[in-house]
Amino acid sequence: MPSTAAPALTVRVLLFASYADTLGFASVELRLTPPATVGDVLDRLRALPGGERLPPKPLCALNLTHVSSDTALSGGDELAVLPPLAGG
Amino acid sequence: MPSTAAPALTVRVLLFASYADTLGFASVELRLTPPATVGDVLDRLRALPGGERLPPKPLCALNLTHVSSDTALSGGDELAVLPPLAGG
Amino acid sequence: MTLYLTESPLDLGELLASVQSPERGGIACFLGTVRNHHGGREVLRLEYSAYGPMVEAECARIVAEAESRWQAAIALRHRIGRLKIGDAAVAVVVASAHRDEAFVACRHVIEELKRRVPIWKREVYADGSVEWVGSRAAGQQGSELRVTAGFGGETS
Amino acid sequence: MTLYLTESPLDLGELLASVQSPERGGIACFLGTVRNHHGGREVLRLEYSAYGPMVEAECARIVAEAESRWQAAIALRHRIGRLKIGDAAVAVVVASAHRDEAFVACRHVIEELKRRVPIWKREVYADGSVEWVGSRAAGQQGSELRVTAGFGGETS
């Protein structure tokens, strides 16, 4: 990593249900160059095998709260990518 | 009873709750000259002590079904005069 | 024959069991319980009475109409007699394939029961007074009525 | 702290007891049970999974919002794990002074749960197939996803 870059931030990413099946894992620690948004994480996921199957705008939750894809990330955040909900 | 009159018809009248308290009885057999309607029974009740307290259009049920005051009566009918309902 | 009236405590579990089935995934219920206040006055207890045969007939009509209209299975029960604060006076349970029908039918049944089923309620208040609920108001059903002591009327 | 998720059978009586009080005379409930069919296919059983910590947080928000808006006491519970046909998956119980608030709040809570709470359902069909419910439809949440066998992905 170049010494001129801002320090990387680490985000814990959680996948569930069909998304975990599709990408083949349920959680991952991602290092991102700030400033980074939820959308940046989604782009990283899409580059992985199976990631092309993620929808254009999946539901996302940051630290247990629903957020949109332009939400900024901070180090230590927990970002969950949520398949279509089916509770009830 | 004059022999030229149609035979009288007998109707069983039931009163409930506050109406039974107001008129002082819960059931009575009334003899009416046909043709007779629910309204005729109400007029008879109004002529009794306490009957002036009946509302202009009380709920009435004839043989277990709600009816209006112009409904015709037949011998053997059961007519119930129902105070404001308070179930539930 | 279903009995819609009972003098026993209402058993929600029994009513649920009577309408549940594998095709019906949405169950809406309503329970009406005795409140400790009414019209700004403290209620101690109350007593429900009914025109029993007509309650059975009218409830059967309400349930049949709603079951047909919303493709639902419906259980309905009203308790009469002396009830304490917190006791359930009425229970409606509606099971349907989907929740929308279940909610709408449940609401409909309780509204129709209140509008059509001949049941009356006499409340005993903390100040010692006793009153037939609904009979003081000069609503569409008429004039003011007050509870009076009985007298021996007769006719015919 | 209230737990909104459980792996145990739902106990409606317990939820009722937790919201009843002498001031609240109207109680509306909703039970969602496992149906034996979905999308024209016969369902044998299913399994619910969840993002547990967020379920707790989001349910707490939904309940607090509705309790404040409708002056109600609300109990909410969702079961996860393996469920059989007929098992209750979700229960909502709302007690309020009057039935109107109870019905409206109960309906609101179940709709909000379905819209906001991260729970997923995998159905096992009579033809042997298994599917995450909602993931086949190309709805607003996106493109078609099919369940695939896992692979050992890694990143960072």
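Could you check how many residues of region C:56-98 are among the polar types (S, T, N, Q) and either free of Cβ contacts under 8 Å to residues at least 60 places away in the same chain or surrounded by fewer than 19 Cβ atoms within 10 Å (Cβ to Cβ) (or both)?
Here is the first cut: in region C:56-98, the residues among the polar types (S, T, N, Q) are C:68, C:71, C:96.
When the remaining residues are screened for being either free of Cβ contacts under 8 Å to residues at least 60 places away in the same chain or surrounded by fewer than 19 Cβ atoms within 10 Å (Cβ to Cβ) (or both), the result is C:68, C:71.
Summing the residues that are among the polar types (S, T, N, Q) and either free of Cβ contacts under 8 Å to residues at least 60 places away in the same chain or surrounded by fewer than 19 Cβ atoms within 10 Å (Cβ to Cβ) (or both) in region C:56-98 gives 2.
Are there any pairs with C-beta distances below 8 angstrom linking a residue in region A:63-88 that is in contact (Cβ under 8 Å) with a residue 24 or more places away in the chain and surrounded by 15 or more Cβ atoms within 10 Å (Cβ to Cβ) to a residue that is part of a strand (DSSP E or B) and small (Gly, Ala, Ser), with the two at least 6 apart or on different chains, and if so which?
As it stands, the answer is A:Val67/A:Ala61; A:Leu79/A:Ala61; A:Ala80/A:Ala61; A:Leu82/A:Ala61, since those pairs meet every condition given.
Could you check B:Ser27 against (1) crowded, with 17+ Cβ neighbours inside 10 Å; (2) more than 18 Å from C:Lys121 (Cα to Cα); (3) of a type outside the set (Phe, Trp, Tyr) and say which number it fails?
(1)
Could you tell me which residue of region C:35-55 is farthest from C:Leu5 (Cα to Cα), considering only residues that are more than 7 Å from every other protein chain (Cβ to nearest Cβ) and surrounded by 18 or more Cβ atoms within 10 Å (Cβ to Cβ)?
So the residue we want is C:Val43.
For (1) in contact with a Pro (Cβ under 6 Å, 6 or more places away or on another chain); (2) over 30 Å from C:Ala97 (Cβ atoms), each residue gets a yes or a no:
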residue	(1), (2)
A:Ala6	yes, yes
A:Thr10	no, yes
A:Ala36	no, yes
A:Arg46	no, yes
A:Leu54	no, yes
A:Lys57	no, yes
A:Cys60	no, yes
A:Thr71	no, yes
A:Leu82	yes, no
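Would you mind finding the one in B:Thr37, B:Thr33 that is touching a Ser or Thr at 6+ places or on another chain (Cβ under 9 Å), over 17 Å from C:Tyr51 (Cα atoms) and surrounded by fewer than 20 Cβ atoms within 10 Å (Cβ to Cβ)? Even if it seems obvious, please write down each step before you answer.
On the way: B:Thr33 fails: touching a Ser or Thr at 6+ places or on another chain (Cβ under 9 Å).
None of the others qualify; the one that does is B:Thr37.
Determine which member of the set C:Glu58, C:Glu47, C:Glu14 is touching a Ser or Thr at 6+ places or on another chain (Cβ under 9 Å) and acidic (Asp, Glu).
On the way: C:Glu47 fails: touching a Ser or Thr at 6+ places or on another chain (Cβ under 9 Å); C:Glu14 fails: touching a Ser or Thr at 6+ places or on another chain (Cβ under 9 Å).
Just one listed residue meets the conditions, C:Glu58.
All but one of (1) within 11 Å of another protein chain (Cβ to nearest Cβ); (2) at pLDDT 95 or above; (3) under 30 Å from C:Thr33 (Cα atoms) hold for D:His98; which doesn't?
With respect to (1) within 11 Å of another protein chain (Cβ to nearest Cβ); (2) at pLDDT 95 or above; (3) under 30 Å from C:Thr33 (Cα atoms), D:His98 is out only on (2).
Specify the residue that is farthest from the other protein chains (Cβ to nearest Cβ); the eligible residues are those in region D:1-29 that are closer than 21 Å to D:Arg116 by Cβ and in a strand (DSSP E or B).
Only one residue tops the list, namely D:Thr6.
So which residues in region A:51-88 are facing chain D (nearest Cβ under 7 Å), touching a Gly at 6+ places or on another chain (Cβ under 7 Å) and among the small types (Gly, Ala, Ser)?
Those that are facing chain D (nearest Cβ under 7 Å), touching a Gly at 6+ places or on another chain (Cβ under 7 Å) and among the small types (Gly, Ala, Ser): A:Ala86, A:Gly88.
If only one of C:Ala64, C:Ala89, C:Ala75 is in contact with a strand residue (DSSP E or B) (Cβ under 7 Å, 6 or more places away or on another chain), at pLDDT 95 or above and either in a helix (DSSP H, G or I) or more than 9 Å from chain B (Cβ to nearest Cβ) (or both), which one is it? Full working, then the answer.
Details: C:Ala64 fails: in contact with a strand residue (DSSP E or B) (Cβ under 7 Å, 6 or more places away or on another chain); C:Ala89 fails: either in a helix (DSSP H, G or I) or more than 9 Å from chain B (Cβ to nearest Cβ) (or both).
Matching residue, one of C:Ala64, C:Ala89, C:Ala75: C:Ala75.
The values are calculated or read from the model by the stated rules, or taken from the named source; none is laboratory data. Only a predicted model underlies this, so the values are computations on that prediction, with no experimental measurement involved. Methodologically, a virtual Cβ is constructed for each residue, glycine included, from the backbone with ideal geometry; neighbour enumeration extends over all protein chains shown.
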